[in-house]
Amino acid sequence: DREVGQGLSLREVVEGNLRIGMVVSVEGRRLKDGRIVADRVIYSANVVGPVTSVIPPDPLDPDVTERDIEVLGQNVVVNFVTKFNPDTYGFDKIALNDVVIVSGYRDFDGSIRATFVEDISDLNIVEFEVTGIVEFLDPIRRKFKINELTVDYSRIDPNDLPIDFMNGSFVEVEGEIN
């Protein structure tokens, strides 16, 4: 999670840190006069990593409006709603091994409906990130899955794991790909 904008005006927060399409959480309060004030704006990407699969559009469908890609074992659906950064990157430009930041909403099947995709291939990022639900937790082998991604947490001190770490837990994982 990246907390943006503490002590800044809304305009400063938006112009300096946020882009259209990024999904954020806002914490705030209602004032006595009825106005609502944001105290914190928090942005956390769903996944940051390399594109490992690009499903080509059906050549027989002239009205292709969405496309599936895979990033760190997460199916990502991009469509006409998705905003891209930079503006020259987009629906038809996504390629294998591009390193992207994806923000959006999880679908019922675990897919991410992307509202924002940023190409960061030029930044030489080696640490990646994914959020999701823990499945197939194996405390003996110290592995679990988030959709199709197998996460090995054997190098993490057990005391650093959440107390309620179990299947069904929502987690944010950061690390390198082996």
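The values are calculated or read from the model by the stated rules, or taken from the named source; none is laboratory data. Everything numeric here is computed off the predicted structure, so don't read it as measured data. Glycine also receives a Cβ, built like all others from the backbone with ideal geometry; neighbour counts cover every protein chain displayed. Only protein heavy atoms, including side chains, enter the accessible area calculation; ligands, DNA and RNA are left aside. Shrake-Rupley method; radii C 1.70, N 1.55, O 1.52, S 1.80 Å.
Could you tell me what percent of the DSSP beta bridges with both partners in the chain are antiparallel, to the nearest 5? Can you show the working numbers first?
Details: 44 of 49 bridges.
Approximately 90 percent, going by the DSSP bridge assignments.
Taking the Cα centre of the chain as origin, sum charge times position over the Cβ atoms of Lys and Arg (+1) and Asp and Glu (-1), and report the length of that vector in debye to the nearest 20.
Rounded to the nearest 20 debye, it is 680 debye.
Please give the net charge around Asp98, taking every other residue with its beta carbon less than 14 angstrom from that of Asp98, where Lys and Arg add +1 and Asp and Glu add -1.
Details: positive: Arg67, Lys93; negative: Glu70, Asp92, Glu118, Asp119, Asp122.
Within the 14 Å Cβ shell, the charges total -3.
Which value, in debye to the nearest 20, describes the size of the charge dipole of the range 137-178 about its Cα centre when Lys and Arg Cβ atoms bear +1, Asp and Glu Cβ atoms bear -1, and nothing else is charged?
On the way: 5 positive and 9 negative charges, 47 e Å.
Roughly 220 debye, rounded to the nearest 20.
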Given the whole protein assembly as supplied and a 1.4 Å probe, what does the accessible area of Leu60 come to in Å², nearest 10? 150 Å²
Please calculate how many Å² of accessible area the range 42-178 carries per residue, with a 1.4 Å probe and no DNA, RNA or ligand atoms counted. 60 Å²
Tell me, in nm to one decimal, what length is gained between Asn178 and Val126 on full extension, where the rule is 0.36 nm per residue of separation less the Cα-Cα distance? 17.7 nm
Per-pair calculated FRET efficiency, R0 = 35 Å: Thr88 and Met166 via Cβ, rounded to 0.05: 0.20
Quick check: at a probe of 1.4 Å, how many percent of the accessible area of the chain sits on carbon and sulfur atoms? 52 percent
Listed residue (Val134, Val24, Thr115) projecting farthest to the positive dipole end of the chain, Cβ model: Val24
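Taking 1 over the mean of 1/r across every pair of different Cα atoms in the chain, what Kirkwood radius in Å do you get?
On the way: mean 1/r = 0.0556 Å⁻¹.
Across the chain, the inverse of the average 1/r is 18.0 Å.
Can you give me the Rg/Rh ratio for the range 51-90, using Cα atoms for both radii and the Kirkwood formula for Rh?
That ratio equals 0.98.
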Inter-label distance for Glu148 and Ile36, nm, one decimal - labels placed 7 Å from Cα along Cα-to-Cβ: 3.8 nm
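Which trypsin sites (Lys or Arg not before Pro) from the range 107-178 combine a DSSP loop assignment with at most 12 other Cβ atoms within 10 Å?
Working: sites: Arg113, Arg141, Arg142, Lys143, Lys145, Arg155; in loops: Arg141, Arg142, Arg155.
Passing both the DSSP loop test and the Cβ count: Arg141, Arg155.
For the chain, the longest stretch holding no GluC sites (Glu not before Pro) located in a DSSP loop with at most 15 other Cβ atoms within 10 Å is which? If you can, show how the numbers build up before the last one.
Working: sites that count: Glu127, Glu148, Glu176.
No qualifying site falls inside 1-126, the longest such stretch.
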If you take the charge dipole of the range 49-177 about its Cα centre, with +1 on Lys and Arg Cβ and -1 on Asp and Glu Cβ, which of Pro86, Ile101, Asn159 is farthest toward its positive end? Asn159
Expressed as cubic angstrom per residue, what is the convex hull volume of the alpha carbon set of the range 85-134? 101 Å³
